[in-house]
1. When you check Leu118 against the structure, is it part of a helix (DSSP H, G or I), out of contact with any Asp or Glu (no Cβ under 6 Å at 6 or more places or on another chain) and either aliphatic (A, V, I, L, M) or surrounded by fewer than 21 Cβ atoms within 10 Å (Cβ to Cβ) (or both), yes or no?
2. Just to verify a result, which residue in region 1-32, among those that are basic (Lys, Arg) and free of Cβ contacts under 8 Å to residues at least 40 places away in the same chain, is nearest to Glu172 (Cα to Cα)?
3. Working only within region 140-166, note down all residues that are in a helix (DSSP H, G or I) and surrounded by fewer than 13 Cβ atoms within 10 Å (Cβ to Cβ).
4. Test Leu112 against the criterion of being hydrophobic (A, V, I, L, M, F, W, C) and within 28 Å of Arg81 (Cβ to Cβ), and give yes or no.
5. Just for region 34-93: of the residues that are of a type in the set (Phe, Trp, Tyr) and assigned to a helix (DSSP H, G or I), which one is farthest from the ligand (Cβ to nearest atom)?
6. Would you be able to tell me the number of residues in region 1-29 that are more than 16 Å from the ligand (Cβ to nearest atom) and out of contact with any helix residue (DSSP H, G or I) (no Cβ under 6 Å at 6 or more places or on another chain)?
Amino acid sequence: KAPLAILISGRGSNMASLLEAARAADCPYEVVLVASNNPDAPGLAFARDAGIATFAHSHKGLARADFDAIIDAELRKAGARYVALAGYMRILSEGFVAGWAGRMVNIHPSLLPLYKGLDTHGRAIAAGDAEGGCSVHLVTAELDDGEVIAQARVPIRPGDTAETLADRVLIEEHRLYPEALAAYIRDHG
Ligand code: GAR
C-alpha cells in the first residue's frame with residue numbers, strides 16, 4: 001500500500017473519512033502520519049485514538065518556507081509517498097509544493113474553477129447558482145488551481161445558507177475524497 005500522510009488544521013472530518021477507507025483490505029493507501037499546523041486541531045486527537053502517528057507544530061512566528069520545511073521533514077521521515085490536504089488552511093510555499101508534485105491532493109468545497117479560496121458556499125448562494133459541490137484536485141503553487149481529478153455536485157435549494165449548503169456538500173466530500181484518492185493512487189502507483 002502507498003504510504004499516505006494527511007495534513008489538517010481543524011476538525012478533520014475528511015481525514016476521518018480517509019482513515020476509515022484505509023481500513024479496507026483493497027484500499028491502495030495506508031495512513032502513516034497525520035500532521036497539523038494547529039496543535040489544538042480536534043482531528044489530531046481523533047487520529048491518535050485511531051492509533052495513527054501524529055505531528056503538530058504551530059506555524060506562528062515562522063516564515064512560510066521555514067514552516068513548510070519542518071512539515072516536509074516529518075512527511076519524509078514518516079516515509080510518505082502521497083500527501084492529502086484535508087482542511088489544511090495554509091498557503092503552501094513553492095518549494096514544498098514542487099517536492100510533492102503529482103503526489104499531493106486537496107479537497108476544496110466548490111466546483112472548481114469556481115470559488116477558489118474561502119467562503120465558497122456563501123459566494124455560490126450569492127451568485128444564484130443552481131448547484132454547489134466539491135472538487136478533489138492536484139496541488140500546485142497557485143491556490144486551488146491544480147488539475148481537478150474528481151467532483152461531486154449538490155443542488156442549492158431555496159432558503160439554503162452557507163451552513164446548510166456546507167453540511168450537504170460535506171456528506172459528498174466524505175464519499176468523494178477516499179474514492180478519488182484511491183483511484184488516483186491505483187493509476188499512479
Ligand atoms: C472541508 O469542507 C474542506 O473541503 C474545506 O474545509 C473543510 C474542512 O473540514 N477545505 C477548504 O476550504 C480548503 N481551502 P474537515 O476538517 O472536517 O475535513
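1. On the way: part of a helix (DSSP H, G or I): no; out of contact with any Asp or Glu (no Cβ under 6 Å at 6 or more places or on another chain): yes; either aliphatic (A, V, I, L, M) or surrounded by fewer than 21 Cβ atoms within 10 Å (Cβ to Cβ) (or both): yes.
No: the conditions fail for Leu118.
2. Of all residues in region 1-32, those basic (Lys, Arg) come to 1, 11, 23.
Okay, now just the ones that are also free of Cβ contacts under 8 Å to residues at least 40 places away in the same chain, so 1, 23.
Numbers: Lys1: 25, Arg23: 20 Å.
It comes out as Arg23.
3. Keep residues of region 140-166 that are in a helix (DSSP H, G or I), which gives 162-166.
Across region 140-166, the qualifying residue is only Glu163.
4. On the way: hydrophobic (A, V, I, L, M, F, W, C): yes; within 28 Å of Arg81 (Cβ to Cβ): yes.
Against the criterion (hydrophobic (A, V, I, L, M, F, W, C) and within 28 Å of Arg81 (Cβ to Cβ)), Leu112 qualifies.
5. Narrowing region 34-93 to residues of a type in the set (Phe, Trp, Tyr): 46, 55, 67, 82, 88.
Subsequent filtering for residues that are assigned to a helix (DSSP H, G or I) retains 46, 67.
Details: Phe46: 10, Phe67: 17 Å.
Ranking the qualifying residues of region 34-93, first place goes to Phe67.
6. Within region 1-29, residues that are more than 16 Å from the ligand (Cβ to nearest atom) and out of contact with any helix residue (DSSP H, G or I) (no Cβ under 6 Å at 6 or more places or on another chain) number 6.
Quick note: the coordinates plus some simple rules give every number you see, no bench work behind them. Small disclaimer: the values here were computed from a predicted structure and weren't measured. Positions of Cβ are backbone-derived with ideal geometry, glycine not excepted, and every protein chain shown enters the neighbour counts.
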